[in-house]
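Accompanying notes for the structure given below.
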Amino acid sequence: MIKLLTDNWSAFISGFGWTLLSSVLALFFSLIIGSLFAILEVMPSKVVRVIGNVYVEIFRNIPLLVITMFFYLVIPLYVVKINGFTAGTIGLTIYTSAFIAETVRAGINSVDSGQMEAARAQGMTFWQAMKNVVLPQAFKLVIPPLGNQFVNLVKNSSVLAFVAGFDLMYQGNAIASQTFDTVNTYVVVGLFYLVITLPISYYMQHLERKLA
Amino acid sequence: MKKKLKYLSLLITSLLLVLTLTGCGSQSLSSQNVLENDKKSKTITWGVKADTKLLGLVDVKDGKEKGFEVDLAKALTKKMLGKDATAKFVTVTSQSRIPLLKNGNIDAIIATMTITPERKKTIDFANPYFDAGQSILVKKGSSVKKVQDLNGKTIIGVVGSNSVQNVKKFAPKAQVLQLPDYAQALTALKSGQGDALTTDNVILAGMAVSNPGYELTGKAFTTEPYGIGINKGQKDFKKAVNKALKEVQADGTYNKLIMKWFGDVPGFNYKEVLRK
């Protein structure tokens, strides 16, 4: 296994780098987009609520691979040329954002409605009350499920392998098929994923303890 | 103290995981005598391609495997085990075929696999049953006329096929994208993710038949003798396959199958692959 690792070190590391980059980008954007749609889902206006709901229900209920393939194969045919890495990261972002939206919405809903009413009575606008009163409490509540989503996101980034996104899984497939050392290759790939996911798990636990 | 214990347990769990995973894979079905088992069950399980027109393709209408390799496997099975024997098919990809053979899910691979020295280290091959050559498929009217034109461009291949390694020798400055199977590789070529698709000429010919906007270009730049993959240590089985292969060539079955599948494929001269 050590030999396999040293022989293919540069491939593993570049795969690790692309996986990390894709995960970080998708995590950042899906958190923003997800939170936005969560707020849309609790807006007073019914039309806006429906828009938020439709987005979440569509992308939460389509397989990630289908979304990614759509961006990799269909969008370049009619709209704009995008490579595998970008298509994968966009797919990952959209897919995860739907889950994050649901998680954050649950958090917002579990904040007592009196909080919002009191803030509004103080003269705050909806957005001010959301930003300063409701969201800080909501995020504290949803840290554990958000952590789950982040870990899932990193693992789901293996979808990049199917669209030639040069990530860990892609390199793993290529190495396994060149060396025929299937078992060891995927063990190494699994360990590399742990290097990313374990710190996230522990950081989220730490955050939970600190804020709770 | 409690925290330390937790970390320790995590460490132990992961170590155990690694040890079990590296430990397995040495003893399996594949170490038993495959020919004996097959004689008893009167079936041979072949690994065939599901996405390669003319060679091994699963017809979406009836779910049956069809192609030259499928028919050849059926003929070989009858020669090896008798007229009442059946050939069972498991669909494989370039990537999964060797692992599936090694763990005993299939008895033999007849799935567009070229005999290469690297592969010979892991598995055995029966004598070649088909002579293909690597070529490229491009959109009609493309500026790419031969493989050397691909320097600086993007080539699409399939993960696990040796064509992706080969093409790097002929166009070292090209970027190579490896996709999971031929169907996806072709779709990626159509949506402009790459400038050319490379693999063996027979496979590309099959694609050109069903996609008139695309054509093979340049001459084949390698020779790819296809071989039936067999597990190491299965000497009896290998002997039986080679014997059956000789018989189907001698009685004309082989050439009949070649005519049936490649007789009227544009851009592919079937006479070159006929055998006496």
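None of the figures in this text is laboratory data; all of them are computed from the coordinates on show. In this text the structure is predicted, and so the values were computed from the model without any measurement. Note that each Cβ is placed from the backbone with ideal geometry, even for glycine, and that neighbours are counted across all protein chains shown.
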**Request:** Using the structure shown, list the pairs from B:Lys102/B:Lys238; B:Lys40/B:Lys64; B:Lys39/B:Lys74 with a Cα-Cα distance above 19 Å, or answer none.
**Result:** B:Lys40/B:Lys64
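Would you calculate, for chain B, the mean residue ellipticity at 222 nm contributed by helices, counting each DSSP H stretch of 4 or more residues as -39,500 (n - 2.57) and dividing by all residues, to the nearest 500?
On the way: 10 runs with 109 residues, N = 276.
Result for chain B, helices only: -12000 deg cm²/dmol.
Would you kindly state how much longer the chain becomes between B:Lys4 and B:Gln148 on full extension, computed as 0.36 nm times their sequence separation minus their alpha carbon distance, in nm to one decimal? All intermediate terms of the calculation are to be shown ahead of the outcome.
Working: separation 144, 0.36 × 144 = 51.84 nm, distance 5.96 nm.
Stretched out fully, the B:Lys4 to B:Gln148 stretch lengthens by 45.9 nm.
Between B:Lys61 and A:Leu207, what's the calculated FRET efficiency when r is the beta-carbon distance and R0 is 60 Å? Round to 0.05. Intermediate values should be presented prior to the final figure.
Details: r = 55 Å, r/R0 = 0.91.
Approximately 0.65, to the nearest 0.05.
Treat the count of other C-beta atoms within 10 Å as a stand-in for reagent exposure and order A:Ile32, B:Ile228, B:Ile155, A:Ile200 from fewest to most. Present the calculation step by step, with values, prior to reporting the outcome.
Details: A:Ile32 13, B:Ile228 28, B:Ile155 25, A:Ile200 17.
Lowest to highest Cβ neighbour count: A:Ile32, A:Ile200, B:Ile155, B:Ile228.
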**Request:** Return the percentage of antiparallel bridges among DSSP beta bridges fully within the protein assembly as shown, rounded to the nearest 5 %.
**Result:** 55 percent
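Out of all Cα-Cα pairs in the range B:134-222, roughly what percent, to the nearest whole number, are more than 21 Å apart? Let's see the in-between values first.
Values: 567 of 3916 pairs.
Here the long-distance tail beyond 21 Å is 14 percent of all Cα pairs in the range B:134-222.
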**Request:** Considering only B:Gly104, B:Gly229, B:Gly252, give the residue with the highest GNM mean-square fluctuation for chain B, with springs between Cα atoms whenever their separation is below 10 Å.
**Result:** B:Gly252
**Message:** Run the reach check for B:Lys219 against lysines, Cα to Cα strictly under 21 Å, same-chain hits fewer than 8 apart removed. What comes back?
**Reply:** B:Lys53, B:Lys139, B:Lys140, B:Lys145, B:Lys146, B:Lys153, B:Lys168, B:Lys169, B:Lys173, B:Lys271
**Request:** Could you give the size of the charge dipole of the range B:132-276 about its Cα centre, using +1 on the Cβ of each K and R and -1 on the Cβ of each D and E, expressed in debye and rounded to the nearest 20?
**Result:** 380 debye
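Can you give the Kirkwood hydrodynamic radius for the range A:21-167, in Å, rounded to one decimal and based on Cα pairs? Please list the in-between numbers first.
Numbers: mean 1/r = 0.0620 Å⁻¹.
For the range A:21-167, the Kirkwood estimate is 16.1 Å.
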**Complete:** Least to most buried among A:Ser35, B:Ser9, by other C-beta atoms within 10 Å and fewest first, runs B:Ser9, A:Ser35
**Request:** Specify the inter-centroid distance of the range B:83-161 and the range B:193-247, based on alpha-carbon positions, in whole Å.
**Result:** 6 Å
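Suppose every Lys and Arg Cβ carries +1 and every Asp and Glu Cβ carries -1, with no other charges. What dipole size does the range A:4-157 come out with about its Cα centre, to the nearest 20 debye? Let's see the in-between values first.
Details: 9 positive and 6 negative charges, 46 e Å.
Once rounded to the nearest 20, the dipole reads 220 debye.
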**Message:** Sequence gap of 8 or more, or different chains, plus Cα separation below 28 Å: how many lysine pairs satisfy both in chain A?
**Reply:** 9
**Asked** Which ordering of A:Asp167, B:Asp124, A:Asp112, B:Asp200 is given by a fewest-first count of other beta-carbon atoms within 10 Å?
**Response** A:Asp112, B:Asp124, B:Asp200, A:Asp167
**Two-site label geometry, A:Phe28 and B:Lys190: point separation in nm, points 7 Å out along Cα→Cβ** = 3.6 nm
**Asked** Where in chain A are the helices, taken as whole DSSP H runs, whose Cα atoms extend 24 angstrom or more along the long axis and whose Kyte-Doolittle mean reaches at least 0.5?
**Response** A:9-41, A:84-110, A:182-211
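Which FRET efficiency value, to the nearest 0.05, do you get for B:Lys239 and A:Leu191 by plugging their Cβ-Cβ distance into 1/(1 + (r/R0)^6) with R0 = 30 Å?
Values: r = 42 Å, r/R0 = 1.40.
E(calc), rounded to 0.05, equals 0.10.
What fraction of the DSSP beta bridges in chain B is antiparallel, stated in percent and rounded to the nearest 5?
Numbers: 20 of 36 bridges.
In chain B, DSSP labels about 55 percent of beta bridges as antiparallel.
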**Whichever aspartates and glutamates have a C-alpha closer than 19 Å to that of B:Lys88, once near sequence neighbours (fewer than 8 apart) are set aside** = B:Glu36, B:Asp38, B:Asp51, B:Asp59, B:Asp62, B:Glu65, B:Glu69, B:Asp71, B:Asp107
